[in-house]
Amino acid sequence: MKTLRLILGDQLNRYHSWFNKIDQNITYVLMEVRTETDYVWHHIQKVAGFFAAMQEFAKELEQQGHHVIYIKLNDEHNLQSFESNIDQLISIHQFEHFEYQLPDEYRVDQLEKNYILTLSITHKVFDTEHFFSKREELEEFFKGKKLFIMEGFYQYMRKKHRVLMQGDEPLTGKWNYDSENRKRLPNNHLPAYPLVFNNDVTEIVHEIKKANVRTIGTIDPANFVWPVNREQSLELLEFFVKECLPMFGTYQDAMTPHSWSIYHSRLSFTMNTKMLAPLEVINRAIKEWENNNNKITYNQLEGFVRQIIGWREYMRGIYWAKMPEYAELNYFGNQNTLPDWYWTGKTKMNCLKYSILQSLEHAYAHHIQRLMITGNFALLAGVNPDEVDAWYLGIYIDALQWVEITNTRGMSQFADGGIAGTKPYVSSASYIDKMSHYCGSCYYNKAKRTGDKACPFNSLYWNFYDQHENKLAKNQRISMMYKAWNKMEPSLKSEILEQAEYYLKYINEL
Ligand SMILES: Cc1cc2nc3c(=O)[nH]c(=O)nc-3n(C[C@H](O)[C@H](O)[C@H](O)COP(=O)(O)OP(=O)(O)OC[C@H]3O[C@@H](n4cnc5c(N)ncnc54)[C@H](O)[C@@H]3O)c2cc1C
Ligand code: SF4
């Protein structure tokens with residue numbers, strides 16, 4: 001049967017069973033369409049990175065003998081949406097059957113589901129053969145339970161997939177080494193310079209500009225740093241296990257203006273596009289630890305494995321259990337707008353300036369910058385989660401809604417009221433100073449709560465607790481904060497709240 005198979009930009013899995021055999025009756029289609037470039041303002045590196053990786057993948061399939069149609073952004077016959085292009089191809093080439101893989105994003109999933117209802121030819125849908133868990137697995141695991149606790153799901157995944165296990169027990173007798181993974185970088189400690197690539201994406205960037213796609217951030221098109229094919233992805237994985245894994249856990253929560261990725265893997269883009277599989281990533285890390293366990297302590301490995309088989313799968317499970325309602329949740333009813341400097345980095349607050357500037361320059365910030373700097377501030381400033389989501393979904397090279405929204409609206413903004421996390425991740429300057437090198441040279445004074453140059457995080461932090469007392473005071477994980485707040489002199493409390501009000505009023509000048 002003459003078959004058309006759709007490959008989405010985040011389905012670049014060379015080892016998918018689709019590609020096991022060459023079949024002249026099967027045509028694969030990949031397409032660059034405006035419905036994907038325009039649903040949010042993406043970072044230019046994100047758009048270029050996806051297109052470059054798609055083009056490489058198409059080339060590779062062709063070299064293997066598969067029949068491929070690749071529709072470029074400015075192709076004359078590009079109708080700029082999946083459905084219209086597929087309709088056009090079916091009619092031109094007289095395809096008799098259509099196949100696609102389960103999309104990771106709800107938006108595209110709905111679109112495909114509705115589209116196949118309109119088809120007059122037969123169709124079939126396939127799994128992406130990428131994740132450890134099925135879409136519904138987390139929901140089934142937590143059936144009947146009020147809380148979705150990550151640790152329980154993580155342990156279940158470790159047992160089910162026999163990862164770092166000895167019989168039914170965790171390999172070392174302990175499941176989680178997070179408490180060992182909270183160190184600040186020593187002064188003068190410079191992590192290895194991140195491995196970057198020199199991909200030439202000039203032509204792609206030219207086409208994006210020609211089409212007037214609205215983007216954010218910057219790019220050096222002749223030296224595009226992100227991996228765009230499987231070989232480069234494997235190189236990045238090798239670099240990670242050799243140069244970063246030995247320190248990954250220890251400095252996982254550390255922040256510094258002197259390194260944009262510290263010991264993080266930067267593998268999220270290659271995994272989210274499926275150029276690498278999560279199983280091979282953790283297996284490679286485990287092998288490196290087995291061969292060098294005198295050099296790599298177990299907490300480094302367990303911390304890394306947990307992010308992938310734990311957090312990544314957990315977030316995806318929450319997404320499929322809770323969408324589409326999840327995208328509307330706004331537990332605190334936040335309505336403020338995102339400060340202008342989120343788009344420019346032009347703020348006097350060092351922590352935010354560096355985290356935003358590096359995001360604009362590299363389309364990347366590591367987890368603790370996303371959670372405890374940009375996310376923390378947005379929550380303290382009462383920004384509408386729709387705006388926060390749009391920013392995160394656009395700016396990061398790895399941003400796909402299934403993993404972006406659960407982390408942003410859920411974990412970071414607590415807009416889900418405690419599904420993805422058990423308490424809001426907010427902090428004053430003391431945490432930021434403890435974990436980073438940002439505060440020392442900041443315009444603001446980390447120790448001051450009120451008055452000239454007082455760090456905005458300090459007053460906004462107490463203001464947040466004050467405002468949301470009715471929703472948070474009963475949460476046992478934060479009841480200590482309310483004890484401290486209620487012990488303060490009323491005059492001091494008023495001063496702090498006034499300072500917060502002033503900062504919120506002049507937020508664009510911070
Ligand atoms: C507000 C916010 C928004 C985020 N948006 C995204 C996003 O759009 N896309 C995305 O892939 N991740 C997102 N994350 C999760 C995490 O920050 C990134 O996966 C990570 O920073 C990517 O860099 P890395 O590959 O160097 O990660 P590493 O620190 O090296 O971690 C290894 C891998 O573990 C996985 N991982 C780690 N933490 C998480 C997590 N919380 N959820 C899911 N997977 C995780 C990633 O696949 C990552 O590549 C977000 C986190 C926050 C707090
Ligand atoms: S003093 Fe405040 S604003 Fe400045 S870097 Fe520290 S936490 Fe950020």
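Since every read-out is calculated from the coordinates, none of them should be taken as a lab result. For clarity, every value in this text was computed on a predicted model and none was experimentally measured. Cβ coordinates were reconstructed from backbone atoms using ideal geometry, including for glycine residues, and neighbour counts include every protein chain displayed.
Overview of results
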item	result
For region 334-354 and region 166-209, distance of Cα centres in Å	25 Å
Residues with amide H under 5 Å from that of Ile69, placed H, sequence gap 5 or more	Tyr28, Val29, Leu30
Shape call, region 27-130: gyration tensor on alpha carbons, a/c limit 1.5	rounded
Residue-wise HN-Hα coupling along region 355-362, computed from phi with Karplus coefficients 6.51, -1.76, 1.60 (Hz; x: Gly, Pro)	5, 6, 4, 5, 5, 5, 7, 10
From phi via Karplus (6.51, -1.76, 1.60), per-residue ³J(HN,Hα) for region 230-247 in Hz, x at Gly/Pro	5, 4, 5, 4, 5, 4, 5, 5, 4, 4, 4, 5, 7, 9, 10, 3, x, 10
Ranked list, fewest to most other Cβ atoms within 10 Å of each Cβ, for Trp341, Trp226	Trp341, Trp226
Packing-based exposure ordering (other Cβ within 10 Å, fewest first) of Phe304, Phe95	Phe95, Phe304
Region 298-343 shape via C-alpha gyration tensor axes, a/c threshold 1.5	oblate
Among 415-423, 285-293, the order from most to least packed when residues are scored by Cβ within 10 Å on average	415-423, 285-293
5 angstrom amide H check on Met165, placed H, neighbours 5+ away	Leu171
Percent of C-alpha pairs per 5 Å bin, region 406-490, short to long	3, 14, 20, 21, 19, 14, 8, 1
Under-5 Å amide H pairs with Ala454, H placed in peptide plane, nonlocal only	Asn445
Order of Arg449, Arg184, Arg306 under a 10 Å beta carbon neighbour criterion, fewest first	Arg184, Arg449, Arg306
Rounded if a/c under 1.5, otherwise prolate or oblate - region 261-359, Cα gyration tensor axes	oblate
Region 452-507: GluC sites (Glu not before Pro) in DSSP loop, at most 11 other beta carbons within 10 Å	none
Helix axis angle, 106-117 relative to the chain longest principal axis, alpha carbon, degrees	30 degrees
Value of relative contact order over the chain, rounded to a whole percent, pairs C-alpha under 8 Å and six or more apart	16 percent
Loop-located chymotrypsin sites (Phe, Trp or Tyr not before Pro) in region 413-499, at most 15 other Cβ atoms within 10 Å (DSSP)	Tyr443
Under the Karplus curve 6.51 cos²θ - 1.76 cosθ + 1.60, θ = phi - 60°, whole-Hz ³J(HN,Hα) for region 192-197, x wherever Gly or Pro sits	4, 5, x, 5, 10, 9
Average projection area in nm² (convex hull over Cα atoms of the chain, one quarter of hull surface)	25.1 nm²
